[in-house]
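Read-outs throughout are calculated quantities, based only on the coordinates presented, and are distinct from any laboratory measurement. Note that the structure is predicted; figures quoted are calculated from it, not measured. Virtual Cβ from ideal backbone geometry, glycine too; neighbours counted across all protein chains shown.
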Amino acid sequence: MSSFILKIIAIVSMLIDHVGIAYFGHFSYLNLIGRFAFPIFAFQISEGFLHTKNLSKYFFRLAIFAAISQIPFSLFNNTFYTNTLSLNIFFTLLLGLLAISIYDYFVNNTKTSQNETSKDSNTPIKYISQFLGICFVIIISIIAELINTDYGYWGVLSIFSFYIFKDSKLKSIISFAFLCIIKYGYSIIAYGYNIYYILLGLFTILSIIFISLYNGKQGKKIKYLFYLFYPIHLILLYILF
C-alpha cells in the first residue's frame, strides 16, 4: 500500500467523521470510522521527516496551512462540536514534526561525536542526549495540550512513537496501542465508563492495519491533496449543514 493510498484512506475517513459530526452531532458511529484518519496522518509526518529533501520547507508548509485552516476549523468546531477555542490538526502535526526533529538532532549529534572520539556506542553521552531529546518531546507534548491543539499531547506522542519505532512494526503497533489505552482509558476515568470509548479506542488501534500494509512507496504524487482538502471540506460542511 503506497503513501498515496494511505492518504486517500485517511482523507475519506476524516470526511466521514466530520460529516457524522455535522449531521448527527457530537457523537455518532460514523466517528468510529473517522478514528483511522489521524494515526495515518501522524505516520505520514514521520515518513515525511525521513524522506523530505528540505525540512525547512516542510515546516513552512505545515505552518502556512495551519494558519489558513484555522478559520474554517474554528467555524466548523464552534458550530458542530464545542465552543472551546482550539487549534487545528496542522498545529499538532507541526509540533509533532518539531518533536521528532529535535530528538533526531540530539541523537545524530551524539552519534557523530561518538564516531569521532570512541568506538564504544554505549557511552553516557549517548544516553544523556537521548534523555534530553525525550524531555523536549514531552515538553512539546505538554505545550500541544496547553494550547489545545487537535489531539493535544496524544497527537504529538503518536507521531514520535511512529518515528522512534520506525524500524520495528511490532514495537510500533505495541507502542501505539499503549498510547490508545492511555487516551481512552483516561476518558473512562474522567467521564465514566461508556462502551463508546472502548469502540473509539479499538477503531483507533485498528488504523495500524492500514499503516502496517505500507510498502514504502510514494505512489501518485499529489503533494497538496490533504493540505487543500482539509480547510476546503471544513468550510463546505459549515456552509452545507
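Residue separation times 0.36 nm, minus the C-alpha to C-alpha distance between Lys166 and Leu75: what's the value? Walk me through the numbers on the way to the answer.
Details: separation 91, 0.36 × 91 = 32.76 nm, distance 3.61 nm.
Stretched fully, the Lys166-Leu75 segment lengthens by 29.1 nm.
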*Kindly provide the Kirkwood hydrodynamic radius of segment 11-64 in Å, to one decimal, from all pairs of distinct alpha carbon atoms.*
12.6 Å
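Remind me, relative contact order of the chain in percent, using alpha carbon pairs under 8 angstrom and six or more residues apart?
RCO, the chain: 31 percent.
Using C-alpha positions alone, give me the convex hull volume of the chain per residue in cubic angstrom. Don't skip to the end; give the middle numbers.
Working: hull volume 31.3 nm³, N = 241.
Taking the convex hull of the Cα positions in the chain, it is 130 Å³ per residue.
With helices defined as uninterrupted DSSP H runs, which ones in the chain have an alpha carbon span along their own long axis of at least 30 Å and mean Kyte-Doolittle hydropathy of at least -1.0? Before the final figure, lay out the partial values.
Details: long enough: 3-24 (31 Å, 1.83); 55-80 (35 Å, 0.85); 89-117 (42 Å, 0.50); 124-146 (33 Å, 1.82); 169-191 (33 Å, 1.21).
In the chain, the long hydrophobic H runs are 3-24, 55-80, 89-117, 124-146, 169-191.
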*For Lys166, which lysines qualify as cross-link partners when the Cα separation must be under 19 Å and same-chain residues fewer than eight apart are set aside?*
Lys7, Lys53, Lys111, Lys217
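For segment 1-141, calculate the relative contact order in percent as a whole number, restricting contacts to Cα pairs under 8 Å that are 6 or more residues apart. Write down the numbers at each step before the final one.
On the way: 120 pairs, mean separation 26.1, N = 141.
Averaging sequence separation for qualifying contacts and normalising by length gives 19 percent for segment 1-141.
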*Multiply the residue separation of Ile189 and Tyr127 by 0.36 nm, subtract the distance between their alpha-carbon atoms, and state the gained length in nm to one decimal.*
18.9 nm
*Ascending count of other beta-carbon atoms within 10 Å, so fewest first, for Ile142, Ile211*: Ile142, Ile211
*Taking only the alpha-carbon positions of segment 155-221 and ignoring solvent, what does the Debye formula give for the base-10 log of I(q)/I(0) at q = 0.14, 0.20 Å⁻¹?*
-0.48, -0.83
*Per-residue ellipticity at 222 nm for the chain, helices alone: DSSP H runs ≥ 4 residues times -39500 (n - 2.57), over residue total, nearest 500 deg cm²/dmol?*
-27000 deg cm²/dmol
*Could you pull out every residue, at least 5 positions away or on a different chain, whose amide H is within less than 5 Å of the one on Leu87? Hs are placed 1.01 Å off N in the peptide plane, and Pro or chain starts have none.*
Thr149, Asp150
